[in-house]
1. Answer yes if at least one residue in the range 119-129 is in contact with a helix residue (DSSP H, G or I) (Cβ under 6 Å, 6 or more places away or on another chain), modelled with pLDDT of 95 or more, in a strand (DSSP E or B) and under 23 Å from residue 236 (Cα atoms), and no otherwise.
2. Within the range 309-348, can you find the residues that are farther than 20 Å from residue 212 by Cα, in contact (Cβ under 8 Å) with a residue 24 or more places away in the chain, part of a loop (DSSP other than H, G, I, E, B) and touching a helix residue (DSSP H, G or I) at 6+ places or on another chain (Cβ under 6 Å)?
3. Restrict the check to the range 164-171 and report whether at least one residue is within 28 Å of residue 269 (Cβ to Cβ) and surrounded by 14 or more Cβ atoms within 10 Å (Cβ to Cβ).
4. Would a scan of the range 191-212 turn up a residue that is over 29 Å from residue 293 (Cβ atoms) and under 14 Å from the mean Cα position of the chain (by Cα)?
5. Is the range 138-153 home to any residue that is surrounded by fewer than 16 Cβ atoms within 10 Å (Cβ to Cβ), under 18 Å from the mean Cα position of the chain (by Cα) and not in a strand (DSSP E or B)?
6. Being surrounded by fewer than 20 Cβ atoms within 10 Å (Cβ to Cβ) and in contact with a strand residue (DSSP E or B) (Cβ under 7 Å, 6 or more places away or on another chain) is the filter; apply it to the range 71-99 and report the residue that is farthest from residue 141 (Cα to Cα).
């Protein structure tokens with residue numbers, strides 16, 4: 001059995017311990033400096049405050065000060081921080097990684113490099129590692145539709161493990177795959193990482209439709225919803241994802257499988273991104289809507305504020321076609337310029353065979 005150190009005791013980092021523990025592995029769940037209250041609850045034998053479940057017997061909670069003792073001897077290190085914590089994780093964990101050690105990243109997002117380019121978060125993590133081990137550490141990542149609460153409840157969940165080092169993927173799959181956690185593997189890391197980052201952005205678009213219905217005065221007398229609208233925004237989001245995936249060297253098959261269509265679907269069903277989008281759809285300015293969700297990390301907003309400026313810069317430099325991502329660019333203007341929610345429908349699907 002393997003020894004696994006999970007750094008980050010949030011929802012997904014903790015949820016991922018369930019299939020690993022069910023497979024009999026020994027797991028150290030290490031909170032970040034922001035997870036002290038969570039670790040205190042788990043050490044007292046109480047439920048995770050957000051996941052609302054106690055961890056399994058094979059899982060031992062630890063405070064972040066124990067990272068130096070628990071990372072070097074681990075067979076696998078899992079990075080379970082959010083996108084804002086990648087640099088912290090690289091600095092906190094990196095000095096204690098050993099040559100050849102494997103790292104599995106749960107974190108999703110893209111980093112704006114400032115020159116019209118976007119960096120994958122696994123590459124950002126790698127860049128912060130000490131020179132002596134940077135090239136020998138083997139990094140993988142998880143993509144696909146996986147709500148933490150459902151995974152911890154052992155609901156059937158399908159994901160993709162991806163790495164540029166395909167030789168490590170079979171063993172990673174065996175470590176986590178169970179009768180309910182279904183793992184496929186792929187070496188298309190750019191495709192997977194772009195998909196799982198952009199799905200948070202396009203969830204904002206899909207979620208706007210629900211808020212727009214609530215804002216109608218008077219409401220439609222027959223109770224008509226905006227599922228047609230939401231579906232069209234969903235599809236345009238996938239089309240724009242496909243464009244950026246190809247631009248960054250990924251494969252289209254990834255867009256139309258679990259990391260792309262699957263992850264966008266499950267994220268659009270609810271959660272923080274959707275709640276924020278509903279507020280915007282009801283007519284609330286972004287600055288006011290974000291105040292309604294204090295203390296919550298809205299990954300779609302973080303991703304949009306990182307990706308959209310990079311896209312705009314790339315368009316200026318001629319690296320990207322400005323007409324290929326009209327929905328993303330409109331969402332950015334809604335967030336930063338308080339533009340009204342009025343989509344330019346004739347600009348959609350222009351890069352597809354049936355486009356106008």
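1. yes
2. Selection gives 320, 324, 325.
3. No; the residues of the range 164-171 include none that is within 28 Å of residue 269 (Cβ to Cβ) and surrounded by 14 or more Cβ atoms within 10 Å (Cβ to Cβ).
4. Scanning the range 191-212 turns up at least one residue that is over 29 Å from residue 293 (Cβ atoms) and under 14 Å from the mean Cα position of the chain (by Cα).
5. yes
6. 73
The values are calculated or read from the model by the stated rules, or taken from the named source; none is laboratory data. In this text, all values refer to a predicted model and were calculated from it rather than measured experimentally. Cβ atoms come from the backbone with ideal geometry, glycine included; neighbour counts cover every protein chain shown.
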